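Report on the following structure.
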Amino acid sequence: MHGYKNAFKKAFPYTIPVLTGYLFIGIAFGVMYAEKGYSAWWAVLMSLLVYAGSGQYLAVRFFVPGISFFQVIFMTLMVNIRHVFYGLSLLGKFNRMGKKRWYMIFGLTDETYSLLCTTKVPEEVDEEKFLFAIAILDQSYWVIGSFIGGVLKSVLPFNAEGIEFAMTALFIVIFLEQWMEKKNRIPALIGVVSAVVCLQIFGSGSFVLPTMIVCIGILFLLRKRLEVETCR
Amino acid sequence: MPVSVGVSLAIILTVAVTTFATRALPFLVFPKGKAIPKTIEYLGSVLTPAVIGMLVVYCLKDTPVMTAPHGLPELIAAGTVVALHLWKRNNLLSIGGGTILYMVLVQTVF
């Protein structure tokens, strides 16, 4: 158990940006769900079992009489399909983690994925426990945020308009950190440019899947060149 | 509640299983012990920066550029995040500073 205590202690500072972001977008989710007539415990239940930012925002709309389950599955797939590709970067890491890997896979949100892929594990801590601690901490922020939102409903103690920018800021910071490593620059540019182009063509509701496909296509075309860069 | 407890639970479970399925797919295709093909290994290594680039755009996707204030609050706040981060490289300062500035901008200026 000592190893875990140390891992959580070491992991915590890396998760602070997610703490800020998740508390606030979690609160926003809790408020939205509460406005549908669900108590804070329902928000907690959904955040424990589903655990997906944009997925849960969308899901709030499913709670209407006569909703078709086919539609629930289809819409959820559309908003979360990008996650299919996340595991590809983490196959090796997770497959070393024994039974814990099922929780790691479950917890693979955008934010946790970004932290797991970009955080360098400190030397004096066990990698497995460290990654696990990041995943658990992130979800706990999300659950706590949803609960607070469900309790507060629409009576926020302050005007929180614009707080959701924390998430954007987090990704900008992670992007910059990636950018500082030269070998990441071409793939990073491919991601931004394909996303902007696909956003223009397909619109904000459905550009993510085309973007992923275009990215993967270009990354394959540039494989010879990028592999050389990676080895340099 | 607009629908019954049973239907509510069924909706939550359906969303949960579908979401988990999207995250688990690569691990079902390449299970533990099976060698990961070189191609997938390559893709795994270059995909992260590309995905994070996409996520930045994803966060800003609903910014109205054609109508006032033309994405100006987003542009100013994002620029501030970049500047703060290049200056101090302190995550909390960059994210906190950018977010607070953004809130001030959308609540009082624009």
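The values are calculated or read from the model by the stated rules, or taken from the named source; none is laboratory data. None of the values given here were measured: they were computed from a predicted structure. No Cβ is skipped: glycine too gets one built from the backbone with ideal geometry, and neighbour counts run over all protein chains shown. Remember, those area values only see protein heavy atoms, side chains included, never the ligands or the DNA or RNA. Shrake-Rupley method; radii C 1.70, N 1.55, O 1.52, S 1.80 Å.
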inquiry  = List pairs: first residue in the range A:96-109 and closer than 11 Å to B:Thr19 by Cβ and in the same structural domain as A:Ser54 (by TED's automatic domain parsing), second residue open to solvent by 50 Å² or more (accessible area, probe 1.4 Å) and assigned to a helix (DSSP H, G or I) anywhere in the structure, Cβ distance under 7 angstrom, at least six positions apart or on different chains.
reply    = A:Phe106/B:Phe20
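Return the only residue of A:Tyr113, A:Tyr141, A:Tyr38, A:Tyr33 being in the same structural domain as A:Pro17 (by TED's automatic domain parsing), touching a helix residue (DSSP H, G or I) at 6+ places or on another chain (Cβ under 9 Å) and under 19 Å from B:Phe27 (Cα atoms). Can you show your working first?
Working: A:Tyr141 fails: under 19 Å from B:Phe27 (Cα atoms); A:Tyr38 fails: under 19 Å from B:Phe27 (Cα atoms); A:Tyr33 fails: under 19 Å from B:Phe27 (Cα atoms).
The unique qualifying residue is A:Tyr113.
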task = Among the numbered conditions (1) buried (at least 20 other Cβ atoms within 10 Å of the Cβ); (2) modelled with pLDDT of 90 or more, tell me where A:Leu49 comes up short.
result = (1)
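Are any residues in the range A:31-46 aromatic (Phe, Trp, Tyr) and open to solvent by 10 Å² or more (accessible area, probe 1.4 Å), and if so, which ones? Talk me through it step by step, then tell me what you get.
Here is the first cut: in the range A:31-46, the ones aromatic (Phe, Trp, Tyr) are A:33, A:38, A:41-42.
A:Trp41, A:Trp42, listed by residue number.
Test B:Pro37 against the stated conditions and say whether it is more than 22 Å from the chain's Cα centre (by Cα) and open to solvent by 30 Å² or more (accessible area, probe 1.4 Å). Walk me through it before giving the result.
Working: more than 22 Å from the chain's Cα centre (by Cα): yes; open to solvent by 30 Å² or more (accessible area, probe 1.4 Å): yes.
Here the answer is yes, as B:Pro37 does meet what is asked.
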ask   = Conditions: (1) facing another protein chain (nearest Cβ under 9 Å); (2) over 22 Å from the mean Cα position of the chain (by Cα); (3) open to solvent by 70 Å² or more (accessible area, probe 1.4 Å). A:Leu226 meets all but one. Number of the miss?
value = (3)
query = Among the residues of the range A:184-208, which ones are closer than 24 Å to A:Leu58 by Cα and either within 18 Å of the chain's Cα centre (by Cα) or in a loop (DSSP other than H, G, I, E, B) (or both)?
reply = A:Ala195, A:Gly203, A:Ser204, A:Gly205, A:Ser206, A:Phe207, A:Val208
